[in-house]
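What follows is a set of notes on a single structure, which appears directly below.
Read-outs throughout are calculated quantities, based only on the coordinates presented, and are distinct from any laboratory measurement. Since the structure is predicted, the reported quantities are computational estimates derived from the model, not experimental observations. Here the Cβ is made from the backbone with ideal geometry for all residues, glycine too, and neighbour counts use every protein chain on show.
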Ligand SMILES: NC(=O)C1=CN([C@@H]2O[C@H](COP(=O)(O)OP(=O)(O)OC[C@H]3O[C@@H](n4cnc5c(N)ncnc54)[C@H](O)[C@@H]3O)[C@@H](O)[C@H]2O)C=CC1
Ligand SMILES: O=C(O)CCC(=O)C(=O)O
């Protein structure tokens, strides 16, 4: 059967150097119009380009705000080729009938390994020693250098990354404590503490693994840094908004903290050609990395495959399994029917209006799937109809008040 909208006409726009593995997945599935950009786009260009795209793929830099999404008239889905989805206005996307997919685990291990490497480097004072050697200095001394063994690692946010960090840290002999807003199963000998304050007071190294939410915004400010013991260290590979970076710079300058490793910043350059500016630049005891916690070839390759496959599946079949902002529906194949998708505001009576169209047309519904959340309803109908009938039904469904998006798949 023909798709009502041929795959070769579907425009896929991939930004921020999404892995070539994603392009391969689209090509293999018959999507030939795939455009790949190494950077994020300036807002004006993004607004223009998203207007033409059916599928957009981004990483952490591109902000899909409500204003940007308002230009996305043809958009059927968003792929975040990363874990975090805070860069997308998920509510606005949902109300535009656009599901958002991500890769919740594919770079977990990469972040955890970097954090462990940084904890070791910070405890040994390597950033300072490295900087001095580069300047022709020679600081051979054990002062300020420690083994990881028996040191306390405090993990804030004991989710996928936090738990991996904890497991790796225990294998080095570290003592792991954690703080999370949810009750979490402690792995190995890790122990939950009663509050963030307790964690800050007890830890030699604090590492942050929370998502960006209103509650984690500036979670670590001067007040929290003051609670850490003198000579402690901070690692932030979560989001730049979680730490007050000026307060961190002050704590490091004043010697309250012995070191820090920071991968994420309140303001990050759009791409590799743009300048990086931060109050932490030039501090010998700080490891600065350009948001590469998840940037290993293995992780990027896997993320490309995972997210592109989810996008292709939604585009071809309508399944929203693991969408982060949308009613989830897992759908079987539909070899003998045409499939119609209808996304609408969840108001009483919409489903009966849809069904009336089918009975008025005397068309047999082969299967129907419905999932709703408080705001949005997603109904999928497999019907024995020819192409003209399916397209006519789609047009009638699109005219139902409250319709957000409708499509015919076959
Ligand atoms: N630097 C990088 O390249 C990368 C950064 N990340 C960041 O790391 C974050 C965490 O990733 P995952 O571990 O996969 O997420 P996750 O969702 O598995 O874990 C996050 C944990 O934080 C907890 N949490 C949420 N709000 C909290 C609060 N206010 N106080 C304490 N705990 C809180 C949650 O309950 C959850 O257990 C992502 O949201 C992303 O922002 C993720 C991947 C790569
Ligand atoms: O690799 C990226 O661009 C972003 C990684 C990240 O922060 C995430 O996965 O949430």
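General remarks:
- Extension reserve of the residue 400-residue 222 stretch, reckoned as 0.36 nm per residue once the Cα distance is removed: 58.7 nm
- Extension gain for residue 8 to residue 150 (0.36 nm times residue separation, less C-alpha to C-alpha distance): 45.3 nm.
- Semi-axis lengths, Å, the chain, gyration tensor of Cα atoms, sqrt of 5 times eigenvalues: 48, 22, 18
- Descending by average beta-carbon neighbour count within 10 Å, the peptides 13-19, 287-293 line up as 13-19, 287-293, the highest first.
- Cβ crowding within 10 Å averaged over residues, with 340-351, 133-144, 220-231 ranked highest first: 340-351, 220-231, 133-144
- Here 126, 55 are placed in order of increasing Cβ neighbour count within 10 Å, fewest first, which gives 126, 55.
- Relative contact order for the chain, counting Cα pairs under 8 Å that sit 6 or more residues apart, in percent: 16
- Highest mean packing first, where packing is the average number of other Cβ atoms within 10 Å per residue, the peptides 70-83, 390-403 line up as 70-83, 390-403.
- Residues 158, 105 arranged by fewest to most Cβ contacts within 10 Å: 105, 158
- Full-stretch length increase - residue 38, residue 391 - with 0.36 nm per residue and alpha-carbon distance subtracted: 123.3 nm
- The modelled label-to-label distance between residue 346 and residue 366, using points 7 Å beyond Cα along the C-beta direction, is 2.9 nm.
- Among 114, 252, 357: highest mean-square fluctuation, GNM of the chain, C-alpha pairs under 10 Å: 357
- Relative to the longest principal axis of the Cα atoms of the chain, the long axis of helix 108-124 makes an angle of roughly 10 degrees.
- Distance-filtered residues of the stretch 97-127 - backbone nitrogen under 16 Å, label point 7 angstrom along residue 229 Cα→Cβ: 123
- For the stretch 108-288, the fraction of C-alpha pairs more than 30 angstrom apart is 14%.
- Between helix 350-360 and the chain: long-axis angle, C-alpha atoms, 0 to 90°, nearest 10: 30
- Helix 387-398 axis, angle to the chain major axis (alpha carbon atoms, nearest 10°): 60
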